[in-house]
Amino acid sequence: MTTAVLELLELRKSYGIGTPVEVEVLHGLDLRLEPGEFAALIGPSGSGKTTLLNLLGLLDRPTSGDLLLLGQPTRELDDDARTALRGRRMGFVFQFHHLLPAFTATENVLMPVMAASGRPSPAAIREAESLLDAVGLADHRHKKPAELSGGQQQRVAIARALMPNPALLLADEPTGNLDTHTADEVFELFRRFNRERGLTVLVVTHDPRLAERCDREIKLVDGRIVSDERRVGRQR
Amino acid sequence: MWFEWTLAVRLLREGRAQTLLIIAGIAVGVSVIVFLTALISGLQASIIDRTLGTQAHIRISAPDDVARPLREADDSALSSRIEQRAQRLRSVEQWPLLVEELDRFDEVTAVSPIVSGPALARRGAANRSVALVGMEPERYTRIVPVDREMKTGEFRVVGRDILIGTILAQDLGASVGERIRLETGGGRSDVFTVAGIFELGVRDLDQRIVYMGMKPAQALLDLPGGATGVDLRVREIFDAEAVAQRIQRRLGTKAESWMVTNSNLLDAIAAQSMSTNLIKIFVAISAAFGIASVLAVSVVQRSREIGILRAMGTRRPQVLRVFLLQGAIVGLIGAAIGSLMAGGLIGFWQAMGLARSGRGAFDLMVTPELFIGATLLAAVIGMLAAVAPARRAARLDPVEAMRAT
Ligand SMILES: Nc1ncnc2c1ncn2[C@@H]1O[C@H](COP(=O)(O)OP(=O)(O)OP(=O)(O)O)[C@@H](O)[C@H]1O
Ligand SMILES: [Mg+2]
């Protein structure tokens, strides 16, 4: 058995611990993502998808259970180690596009690289520009987020998530506010990175049409995985 | 640091109004501190300068006569009362040797033996009590530059030529070339010629001092070959007391520094320095609080961006440094502007003084160290003020921070 990109062991998450409104949102999840998998995470609103993605992205800590990233337990890691792991190994596309208003599109894309190693090399800048080209923003490289439409901002965020050449891409409704055509293009981009670089993808989507095109479909309802199907014929 | 620096600069540029507000606050604080320092240190330097312009830094004199029962041989009435004796004029023992020794002291820049004592000056019906000062001109003028303060006549104290102050000249109605009779306690008296009239600018001196050569003063005061004191000038005026003590230890004579004779002045200066330091400290503190509060607001406003940065792999210490740098940058810029403002203020003050009195009342003390010090101080204060907001920013939880919209 190869090392899983991601492995969840009895993962639980509660909010408001120690307060009268304490509530468990994720009730002990077990899950494995193999290298090169392309999985969709679906489920009704409020089922805990964003909560789960935040845990997987090491942005938040589980209440109990552990999360193995490329075989490495993450429970005991300190904040710096988690941050470094997040910056180098993971791409994150948030449900709501999160760009830094003070920086241009290219600079936003370069942000993970700059955080990790300072001034970007010319090669890194070329890479960032070609990623912006790939998401159809070749003409908008030097614009600040305020000068871009919502969909364009989302595409910058996607380019940024792909910039560190991550092992795992976590995307929370990345195409939520894109038109069908652009949504298809972005999805195609994910597929291409998946195919060409072996990028493992976990994408939250409400769009059944897109979920359909993933290799695997994990359904979350009320903080429990109720179904987990690999599509016949496309299984690796 | 490139990343932190870039972020800090961008965030400052982005929050233009806040940045300008902080910079303005620091600029005002720095200009107040710089101007106040220049003003007060200039004032103090000029006071000390004026005081020491007419006074030796250290005076060496013969030890005081000790108080003892009045049982002198020529005093027929025996008395058991103990009284402070009226001080008799006494010569410093071996003063020529002493002068030679003192000339070799490294910290001492000028040595001048003097013979001084009280006398009465008469001219016609007018008489005034005066203080005779017999001195060697080449040596004495390096202690008090009387030669540069001559009003009329010339600086000459050979033979029977004497110098008197402007007020004494007026009191006696004497002008250059005229004669004055000087009498001392022992019934000695002689006639002298006024060679020049000086104005030292200190009332007491211009009214009482009569300068002459060593020899005639020794004769009048009945101290043949003697010197009542040795005046000294030292390299560093504030080392005077230490030098005096060293002289006292090494040569066993009585040596008194200007710092002891003018201890009231020094106390006043110290008190003044303390109050201006207090003002400066409070200005610095209020500037620091201003910076801290504006930065704290900016951390709250930027928490979403901080969350994004954290999610993108920015570590807590990096976030901390970004905000500390912001404090330091606004501190430096504010200090630069504040220094310019202070420079303008100082120039304006000097021009005003010039317009009012024809010559600057006193020069403000403007040194490069003052500006460099104020600038460094502002950078440090900016950084210190940023500590609390920066730590808050670094502690932000990325998920929480990004939720804040
Ligand atoms: N910080 C929080 N404090 C308390 N409860 C929270 C917090 N964040 C999320 N929740 C709750 O956890 C549950 C899951 O939220 P989550 O955002 O993970 O849902 P989701 O599946 O992403 O929904 P959507 O599809 O609408 O984005 C919800 O009931 C929500 O109210
Ligand atoms: Mg969600």
key: Value at 222 nm in deg cm²/dmol, rounded to 500, when DSSP H runs of n ≥ 4 in the protein assembly as shown each add -39,500 (n - 2.57)   = -15500 deg cm²/dmol
remark   = With the convex hull built on the alpha-carbon atoms of segment B:95-252, volume per residue in Å³ sits at 112
remark   = The relative contact order of chain B, taking Cα pairs under 8 Å that sit 6 or more residues apart, comes to a percentage of 25
ask   = If you take the beta carbon distance between residue B:181 and residue B:103 as r and set R0 to 45 Å, what does 1/(1 + (r/R0)^6) give as a FRET efficiency, to the nearest 0.05?
value = 0.80
note = To the nearest 20 debye, segment B:95-252 has a Cα-centred charge dipole, built from +1 on Lys and Arg Cβ and -1 on Asp and Glu Cβ, of 420
request  = Would you mind putting B:191-200, A:207-216 in packing order, based on average other-beta-carbon counts within 10 Å, highest first?
outcome  = B:191-200, A:207-216
message = Inside 10 Å of the C-beta atoms of A:78-88, what's the mean count of C-beta atoms belonging to other chains?
response = 4
inquiry  = If I model a spin label at residue A:22 and residue A:206 as a point 7 Å from the Cα along the Cα→Cβ vector, what separation in nanometres do I get?
reply    = 3.2
key: Net charge contributed by nearby residues that have their C-beta within less than 14 Å of residue B:106 (K/R +1, D/E -1)   = 0
inquiry  = Can you order the peptides A:36-48, B:261-273 by their average number of other Cβ atoms within 10 Å per residue, highest first?
reply    = A:36-48, B:261-273
ask   = Using θ = phi - 60° and the Karplus form 6.51 cos²θ - 1.76 cosθ + 1.60, what ³J(HN,Hα) does each residue of segment B:297-314 get, whole Hz, x for Gly and Pro?
value = 4, 5, 5, 4, 5, 9, 4, 4, 5, 4, x, 4, 4, 5, 5, 7, x, 7
ask   = Any idea what Rg and Dmax come out to for the protein assembly as shown if you just take the C-alpha atoms, in Å?
value = 43.6, 141
message = I need the calculated FRET efficiency for the pair residue B:293 and residue A:147, taking r as the beta carbon distance and R₀ as 45 Å, to the nearest 0.05.
response = 0.90
query = Between residue B:267 and residue B:372, what FRET efficiency comes out of the Förster formula 1/(1 + (r/R0)^6) with R0 = 35 Å and r the beta carbon distance, rounded to 0.05?
reply = 0.70
Where segment A:1-95 is the region considered: accessible area per residue in Å², 1.4 Å probe = 41
ask   = In peptide B:301-312, how many Cβ atoms from other protein chains are near each Cβ within 10 Å, on average?
value = 6
note = Straight-line reach check, residue B:215, cutoff 26 Å on alpha carbons, 8 or more apart in-chain or any other chain, hits among lysines -> B:151, B:254
query = To the nearest 100 Å², how much accessible surface do chains B and A hide from each other in total, with a 1.4 Å probe?
reply = 2300
key: Degrees, to the nearest 10: B:16-53 long Cα axis against longest axis of chain B   = 10
query = If B:349, B:5, B:95 are ordered by their accessible area, calculated over protein heavy atoms with a 1.4 Å probe, which sequence runs from highest to lowest?
reply = B:5, B:349, B:95
remark   = For the protein assembly as shown, the dipole about the Cα centre with charges only on Cβ (Lys and Arg +1, Asp and Glu -1), to the nearest 20 debye, works out at 480
Packing-based order for A:182-193, A:18-29, using average beta carbon neighbours within 10 Å, highest first = A:182-193, A:18-29
task = Whole number please: convex hull volume per residue, Cα atoms of segment A:1-104, in Å³.
result = 154
ask   = Is there a simple number for the mean count of other chain Cβ atoms within 10 Å of the Cβ of residues in A:98-105, and what is it?
value = 5
key: Rg and Dmax [Cα atoms of chain A; Å; Rg one decimal, Dmax integer]   = 17.5, 54
Kirkwood hydrodynamic radius (C-alpha pairs) into Stokes-Einstein, chain B, 4 °C and 1.567 mPa s, D in µm²/s = 49
note = Contact-by-burial set, segment B:1-39, min loss 50 Å², accessible area of protein heavy atoms with 1.4 Å probe, reference chain alone, gives B:2, B:3, B:10, B:14
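The values are calculated or read from the model by the stated rules, or taken from the named source; none is laboratory data. A quick note: this is a predicted structure, and the numbers were derived from the prediction, not measured. We place every Cβ from the backbone using ideal geometry, glycine too, and count neighbours over all the protein chains shown. In case anyone asks, the SASA skips ligands and DNA or RNA and just uses the protein heavy atoms, side chains included. Shrake-Rupley method; radii C 1.70, N 1.55, O 1.52, S 1.80 Å.
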